[in-house]
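Some notes on the structure that comes next.
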Amino acid sequence: MAAASGGGEAISAEGLTRRFGDKVALAGVDLRVPAGSVLGLLGPNGAGKTTTVRILTTLLRPDGGRARVAGYDVVGEPSAVRARIGLSGQYAAVDERLTARENLYLVARLYGMGRRTARAHTAGLLERFALGEAADRPSGGFSGGMRRRLDLAGALAARPEVVFLDEPTTGLDPRGRNDTWEAVQELVAQGTTVLLTTQYLEEADALADTISVIDHGRVIARGTAPELKAAVGGERITLTVTDPAARGRACEALAALGPHRPALDPRTGSVTVATEHGTDALRTALESLAAERVDVRDVALAPPTLDDVFLTLTGGASGASPGAGSTPGAAAPAAPAPGAGPSAAGPSAARPSGSGPSEGGRRRVFSRRRGTERARKGGAHAWRP
Ligand SMILES: Nc1ncnc2c1ncn2[C@@H]1O[C@H](COP(=O)(O)OP(=O)(O)OP(=O)(O)O)[C@@H](O)[C@H]1O
Ligand SMILES: [Mg+2]
């Protein structure tokens, strides 16, 4: 494997900026990804994830800043970068006239792989991504999920040093998602560096060594999943208020206990509030709700999930404290080295955020997502007194 320069970093970016007309897509993005590790780039819709990936894969020139991938400058040495990377973009790109096997074989051969190796490698990828049966059909007739899997396989066809996966599991069924996760884990075990963007926080939790949270074209926090959770701090009381008419009263009662603001999911009646006082706070909360004659069920006290971290940092609704965007280490600038501990680069504007799914099962993922979309359309998610 060619040496990734820059102290073992396979990807490094400093101060990347990019505008589209008046729109600032990137306002100074810094990233460092050690060779052989996985960086999860998380952010709501429009945060700048795809723009970052396009710059790092030489598809787009930055207006400012510098970036090196696999030891080469993305602006000055784009051919050298391209020879060493694989990309699966946000929207699957396959040659529809070719079969799945031909698509993969073509890429492997174009990147200089010998015939026999390319054939064997292609066959392995077709199996890995559950495309064996469809291998010799034109990909133009593939379903969305099959195209996605073929596109992912294509990103790996040339055995690249650095792989960029832009929302690799969006649109995949659970099996496709598992296959993709396994493929990423195998890649990393072989020493490949991976940058993946995702809206699935559980995916970042499962796959990424470090996570950078991006919003409004800036990295607003970075660290491992446990570090980011610890930075948000405290625990979350979550309970369900069954009677819709009682939900406002419940939120008022919990808000009165302060200092944190409860958040209501109007679809499910789930109310979440942060606390630093564990079971004492839980007892107080339940007593207060009982005094208000509010019936509750599914009561839980738990550490923050990555969902909480994401929503807190990006200014969406959560059970976090008022001014939630500034909660985790707001005073600290984003730390330069991944794994050096979580940090936040200042608060982001409070606004309804594009939420990812929760860390729960797939079913909960979809229900949370629908809930968020509905909340977004409704314009409000967090309960405010
Ligand atoms: N080619 C373009 N022309 C104009 N605006 C663009 C272009 N590409 C991106 N933008 C804008 O730049 C911002 C960042 O877009 P980007 O695609 O990088 O976001 P993203 O984080 O990938 O979002 P998503 O989660 O929706 O994929 C958005 O406001 C987007 O509208
Ligand atoms: Mg995108």
Amide H within-cut-off set for GLY71, under 5 Å, with H built and near neighbours excluded: SER5
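Loop only per DSSP, at most 15 neighbouring Cβ atoms within 10 Å: give me the GluC sites (Glu not before Pro) in the stretch 128-215, ordered by residue number.
In loop regions of the stretch 128-215 (DSSP not H, G, I, E or B), the sparsely surrounded GluC sites (Glu not before Pro) are GLU133.
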Computed label-point distance, nm, for sites GLU287 and LEU59 using a 7 Å Cα→Cβ extension: 5.8
Whole-Hz couplings from phi, Karplus 6.51/-1.76/1.60, listed for the stretch 286-299; x for Gly and Pro: 5, 5, 5, 5, 5, 5, 8, 6, 9, 7, 10, 8, 6, 7
Charge sum, other residues only, whose C-beta stays under 12 Å from ALA92's C-beta, Lys/Arg counted +1 and Asp/Glu -1: -2
Mean Cβ count within 10 Å, highest first, over the residues of peptides 265-274, 86-95: 265-274, 86-95
Rough spin-label spacing in nm, given labels placed 7 Å along Cα→Cβ, for LEU106 and GLN185: 3.3
Estimated vicinal HN-Hα couplings, Hz - the stretch 102-111 in sequence order (Karplus 6.51, -1.76, 1.60; Gly, Pro = x): 5, 4, 6, 4, 4, 5, 4, 6, 4, 8
Summed residue charge, Cβ within 13 Å of GLU292's Cβ, Lys/Arg positive, Asp/Glu negative: -1
Amide proton proximity set for THR99, modelled H, under 5 Å, gap of 5+: SER139
Net charge over other residues, Cβ less than 11 angstrom from the Cβ of GLY36 (K, R count +1; D, E count -1): -3
Gain upon complete extension [SER143, ARG97; 0.36 nm per residue less C-alpha separation]: 15.1 nm
Label-point gap, in nm, between HIS277 and VAL24 - each point 7 angstrom along Cα→Cβ: 4.1
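Read-outs throughout are calculated quantities, based only on the coordinates presented, and are distinct from any laboratory measurement. What you see is a predicted model, and the numbers here were worked out from it, not measured in a lab. Here the Cβ is made from the backbone with ideal geometry for all residues, glycine too, and neighbour counts use every protein chain on show.
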